[in-house]
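S.K.: Supplied in C-alpha cells, the structure appears directly below.
No lab work stands behind these numbers, since they all come straight from the coordinates. What you are looking at is a predicted structure, and each value in this text was computed from that prediction instead of being measured. No Cβ is skipped: glycine too gets one built from the backbone with ideal geometry, and neighbour counts run over all protein chains shown.
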Amino acid sequence: MSAYCFFDVLEVTDAAQMDTYRAGVFSTVEKHGGRYVVIGGPLEVVEGHWRPAFPVIIEFPSMAAAQRWYNSAEYAPLKALRLAATRGNAVFMDAPSAAH
C-alpha cells in the first residue's frame, strides 16, 4: 500500500541552504522508490480555513519505504539542512487499502 509524505513549507529562512537541499534531495527520494506528486503550485481551499503555504507531497510504495528514506544516512545531512533552513510541518500517511 502506498504512503504519502506531506510537507508544508511555511517559511524559508535560508535560501542558500535550501538550494543545496534541492540539489540533492531528488536522488535520495528516487533511490527509496519515491516520486514527487506535488511541489508547490497553486491551490484552492474548498473547505475550512487551512492554507498550505508551499505543499510538497511525495509518494512511496509503502510506509516502511517512506520511513527508510526519511531516516536514511544519505538523507540525514539534507534533512538537517531543510530543518535549519525552513519552518514547516510534515506528516506521513498510509493510503487506504483496496478493501476500504
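S.K.: Report, by residue number, each residue of segment 6-32 that is aromatic (Phe, Trp, Tyr) and surrounded by 18 or more Cβ atoms within 10 Å (Cβ to Cβ). If you could, list the steps in order and put the result at the bottom.
M.R.: Initially, segment 6-32 is screened for residues aromatic (Phe, Trp, Tyr), giving 6-7, 21, 26.
Once the filter is applied, which keeps residues that are aromatic (Phe, Trp, Tyr) and surrounded by 18 or more Cβ atoms within 10 Å (Cβ to Cβ), segment 6-32 yields Phe7, Tyr21.
S.K.: Looking for something surrounded by fewer than 15 Cβ atoms within 10 Å (Cβ to Cβ) and part of a loop (DSSP other than H, G, I, E, B) - is there at least one such residue anywhere in segment 74-89?
M.R.: yes
S.K.: Still on this structure: Restricting attention to segment 46-73, and to residues there that are under 17 Å from Val9 (Cβ atoms) and among the hydrophobic types (A, V, I, L, M, F, W, C), which single residue is surrounded by the most Cβ atoms within 10 Å (Cβ to Cβ)?
M.R.: Going residue by residue through segment 46-73, those that are under 17 Å from Val9 (Cβ atoms) are 50-58, 70.
Among the residues that remain, those that are also among the hydrophobic types (A, V, I, L, M, F, W, C) are: 50, 53-54, 56-58.
Values: Trp50: 7, Ala53: 14, Phe54: 17, Val56: 19, Ile57: 15, Ile58: 22.
Filtering segment 46-73 for residues that are under 17 Å from Val9 (Cβ atoms) and among the hydrophobic types (A, V, I, L, M, F, W, C), the one surrounded by the most Cβ atoms within 10 Å (Cβ to Cβ) comes out as Ile58.
S.K.: On to the next question. Can you tell me which residue among Thr28, Thr20 is assigned to a helix (DSSP H, G or I), in contact with an Asp or Glu (Cβ under 9 Å, 6 or more places away or on another chain) and among the polar types (S, T, N, Q)? First the steps, then the outcome.
M.R.: Details: Thr20 fails: in contact with an Asp or Glu (Cβ under 9 Å, 6 or more places away or on another chain).
Checking each option against the conditions leaves just Thr28.
S.K.: Can Gly33 be described as small (Gly, Ala, Ser), under 14 Å from the mean Cα position of the chain (by Cα) and in a strand (DSSP E or B)? Explain how you work it out, then say what you get.
M.R.: Working: small (Gly, Ala, Ser): yes; under 14 Å from the mean Cα position of the chain (by Cα): yes; in a strand (DSSP E or B): no.
No, not satisfied.
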